[in-house]
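First the structure, in the form of structure tokens, and then the observations on it.
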Amino acid sequence: MRYPVFLAAALLVWSAPVLADQVTTHDFFRLTQTVSRSASTPGAWRYSVAPRTKEARAYWEAAVESWKRALIIGLRVKLGAFEVVRTEKGLRFLPFCSEVHPGCFTRPDLPPGLQPWKLDLVLLDLHNALDLALSDARKHAKPYPATITLTKFLRFTVHPDGRIELAPNGWKP
């Protein structure tokens, strides 16, 4: 009779590290993938990360406006595992947090009606979508670079050699 209890306990102990690494979010962001059919870049992959719902858009717009202002005045913007830095040559994308948590993000000022605790979920979901897009883009960046667009904020170009270039999308620093 003790064997099933032991087996269940062993499975729980074995699966605990796997479950600890997962971050549950609420699907605030949508990741769209397309492949170019143009004659100049056939097979080039394009990714778009955009808010999925009206609520997500409200949080995203507040964050993007705050982050744009920060970059314009020369501050860094933390986006989970990475941070964006403005230099004389443009924007740079640098590693930041090895274990992503809500403190790994530059927190924007929220307008009335938006709940700060829910912002954590939105930012973690943004990280998940961006991380998925970056890992997939690295695989498909051959022979043409893959591009990732964060709606109204940034455009990432992932080159076949693994280099990532950053440019503003829809605004100027």
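Coordinate-derived values only; no laboratory data. Worth saying up front: this structure is predicted, and the values here are computed from it rather than measured. Note that we place each Cβ from the backbone using ideal geometry, even for glycine, and neighbour counts take in every protein chain shown.
Find, among the GluC sites (Glu not before Pro) in the stretch 69-173, those assigned to loop by DSSP (not H, G, I, E, B) with at most 14 other beta-carbon atoms within 10 angstrom. Numbers along the way, then the final one.
Details: sites: Glu83, Glu88, Glu99, Glu165; in loops: Glu88, Glu99.
Those that pass, being in a loop and sparsely packed, are Glu88, Glu99.
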Burial ordering of Tyr144, Tyr47, fewest other beta-carbon atoms within 10 Å first: Tyr144, Tyr47
Cα shape, the stretch 25-168, gyration tensor, a/c 1.5 rule: prolate
